[in-house]
Amino acid sequence: MVIVAGHVEVDPAQREAYLAGCAAVVEQARGTAGCLDFAITADLVDPARVVVFERWDSVEAVEAFRGSGPGEEQTAEIRSASVAEYDVADVRPLT
């Protein structure tokens with residue numbers, strides 16, 4: 001399993017518009033083979049922060065989707081980013 005997680009920062013005044021522009025990407029990802037979960041959401045306490053969380057069944061699935069990342073307009077809105085990919089060796093369900 002692969003997890004992609006982190007956050008990007010955008011202009012707080014533009015965050016809602018940025019998130020609205022991400023809806024199609026979220027829908028596309030969730031319909032992609034190998035996607036187990038995909039979310040781009042507003043941080044509850046930092047008005048500039050957008051949280052990114054993806055869970056994939058394999059590196060190949062992530063790489064196949066990655067070519068359809070954010071467009072130039074969305075990328076231009078990102079002030080900074082801290083997102084990383086993690087290879088998961090074991091999973092322990094909590095429920």
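Just so it is clear, none of the values below were taken in a lab; they were calculated from the coordinates. As the structure is a computational prediction, the values presented were derived from the model and not from experiment. FYI the Cβ positions are ideal-geometry reconstructions off the backbone, even for glycines, and counts take in every protein chain you see.
Give me, ordered by chain and number, the residues 5 or more places off His7 or on other chains with an amide H under 5 Å from its own placed amide H.
Val52, Ser82, Val83
How large is the Kirkwood hydrodynamic radius of segment 39-95, in angstrom, based on all distinct alpha carbon pairs?
Computed over segment 39-95, the radius equals 13.9 Å.
Modelled label-to-label distance, Ser80 and Gln28, 7 Å Cα→beta-carbon offset: nm?
2.8 nm
Using modelled backbone amide H atoms (1.01 Å from N, in-plane), which distant-in-sequence or interchain residues come within less than 5 Å of Asp46's amide H?
Here the answer is none, since no amide H 5 or more places off falls under 5 Å of that of Asp46.
Roughly what percent of Cα-Cα pairs across the chain reach past 23 Å?
Taking all Cα-Cα pairs of the chain, the fraction more than 23 Å apart is 26 percent.
Output ³J(HN,Hα) for segment 17-26: one whole-Hz value per residue in order, computed from phi by the Karplus curve 6.51 cos²θ - 1.76 cosθ + 1.60 with θ = phi - 60°, and x for Gly and Pro.
5, 4, 5, 4, x, 8, 4, 5, 5, 4
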